[in-house]
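What follows is a short report on a single structure.
The values are calculated or read from the model by the stated rules, or taken from the named source; none is laboratory data. This is a predicted model, so every value here is computed, not measured. Heads up, the Cβs are rebuilt from the backbone with ideal geometry, glycines too, and the neighbour counts pull from every protein chain shown. Each accessible area value is taken on the protein alone, full model and side chains, heavy atoms only, with ligands, DNA and RNA left out. Shrake-Rupley method; radii C 1.70, N 1.55, O 1.52, S 1.80 Å.
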Amino acid sequence: RINKLKAKTITLKIRLEDFSTFTKTHTLIKATNFTDIIYKEAVKLYMDLNFQSKKMRLIGIKVSNLIDIDTVDTIFIDESDIKREKIHKVIEQLNKKFSTKIIGQASSYTEKSYLW
C-alpha cells in the first residue's frame, strides 16, 4: 500500500523442521492491496497444505503480479472495495500520526492480545 501497488498473486512458503520446503500459490480474480484479503488467502493456502500438526522453521507470504494502484483490472466496480479503501486510508493516517498501531481491524485481536 505504501508503494501504491496492488498484487494479483499470493504465495505461501513453508519450511518444515526437516528443511523440506513447500510453496502454494493462488492468483486472485482482481488485484488487491488490502491486508485482510491477503491474510485470508494466505490462511486458505496454509489450510490446503495441511501442515497444522507439523513443526515449522519458516512461514513466508509473498505477493506478486504487481500493478499500479490506479490500474483497473476488472470491468466490475465493487462498492465495498471503495468503502474498504477509505477505511484503510483512515487507519493508515491514524497509525502514522500516532506512530503506533493505534487502530486496527477487530478480527486481528484476540481476547488475550488486548488485555493489560
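For the stretch 11-22, what are the residues that are surrounded by 15 or more Cβ atoms within 10 Å (Cβ to Cβ) and either within 28 Å of residue 81 (Cα to Cα) or of a type in the set (Val, Ile, Thr) (or both)?
Selection gives 11, 12, 13, 14.
Out of 20, 113, report the one residue that is at pLDDT 80 or above, more than 15 Å from the chain's Cα centre (by Cα) and among the small types (Gly, Ala, Ser). Outline the logic, then answer.
On the way: 113 fails: at pLDDT 80 or above.
Answer to the check: 20.
Test residue 51 against the stated conditions and say whether it is open to solvent by less than 30 Å² (accessible area, probe 1.4 Å) and closer than 20 Å to residue 86 by Cβ. I'd like the intermediate steps shown before the answer.
On the way: open to solvent by less than 30 Å² (accessible area, probe 1.4 Å): yes; closer than 20 Å to residue 86 by Cβ: no.
No; evaluated as a whole, the condition is false for this residue.
Which of the residues spanning the stretch 91-108 are at pLDDT below 80 and within 13 Å of residue 36 (Cβ to Cβ)?
Listed by number, the residues that qualify are 104, 105, 106, 107, 108.
Here is a yes/no grid of residues against (1) touching a residue at least 24 places away in the same chain (Cβ under 8 Å); (2) in contact with a Cys (Cβ under 7 Å, 6 or more places away or on another chain); (3) surrounded by 12 or more Cβ atoms within 10 Å (Cβ to Cβ); (4) in a strand (DSSP E or B):
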{"residue": "38", "(1), (2), (3), (4)": "yes, no, yes, no"}
{"residue": "41", "(1), (2), (3), (4)": "yes, no, yes, no"}
{"residue": "44", "(1), (2), (3), (4)": "no, no, yes, no"}
{"residue": "61", "(1), (2), (3), (4)": "yes, no, yes, yes"}
{"residue": "80", "(1), (2), (3), (4)": "no, no, no, no"}
{"residue": "83", "(1), (2), (3), (4)": "no, no, no, no"}
{"residue": "86", "(1), (2), (3), (4)": "no, no, no, no"}
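Hey, any hits in the stretch 65-74 for a residue that's among the aliphatic types (A, V, I, L, M), modelled with pLDDT of 90 or more, assigned to a strand (DSSP E or B) and open to solvent by 60 Å² or more (accessible area, probe 1.4 Å)?
Restricting attention to the stretch 65-74, the residues satisfying the condition of being among the aliphatic types (A, V, I, L, M) are 66-67, 69, 72.
Applying the additional criterion that residues be modelled with pLDDT of 90 or more yields 66-67.
Subset that is assigned to a strand (DSSP E or B): 66-67.
Retained after the next criterion (residues that are open to solvent by 60 Å² or more (accessible area, probe 1.4 Å)): 66.
Scanning the stretch 65-74 turns up at least one residue that is among the aliphatic types (A, V, I, L, M), modelled with pLDDT of 90 or more, assigned to a strand (DSSP E or B) and open to solvent by 60 Å² or more (accessible area, probe 1.4 Å).
If residue 54 satisfies all but one of (1) basic (Lys, Arg); (2) modelled with pLDDT under 90; (3) under 29 Å from residue 103 (Cβ atoms), what's the number of the condition it fails?
Residue 54 satisfies all of (1) basic (Lys, Arg); (2) modelled with pLDDT under 90; (3) under 29 Å from residue 103 (Cβ atoms) except (3).
For residue 25, state whether it is over 16 Å from the mean Cα position of the chain (by Cα), open to solvent by less than 100 Å² (accessible area, probe 1.4 Å), polar (S, T, N, Q) and within 25 Å of residue 4 (Cα to Cα). Quick ask: steps written out before the conclusion?
Values: over 16 Å from the mean Cα position of the chain (by Cα): no; open to solvent by less than 100 Å² (accessible area, probe 1.4 Å): yes; polar (S, T, N, Q): yes; within 25 Å of residue 4 (Cα to Cα): yes.
So residue 25 does not fit the description; no.
Given (1) loosely packed, with under 13 Cβ neighbours inside 10 Å; (2) closer than 25 Å to residue 92 by Cβ; (3) in contact with a Leu (Cβ under 7 Å, 6 or more places away or on another chain), identify the lone condition not met by residue 8.
If we test residue 8 against (1) loosely packed, with under 13 Cβ neighbours inside 10 Å; (2) closer than 25 Å to residue 92 by Cβ; (3) in contact with a Leu (Cβ under 7 Å, 6 or more places away or on another chain), just (1) comes out false.
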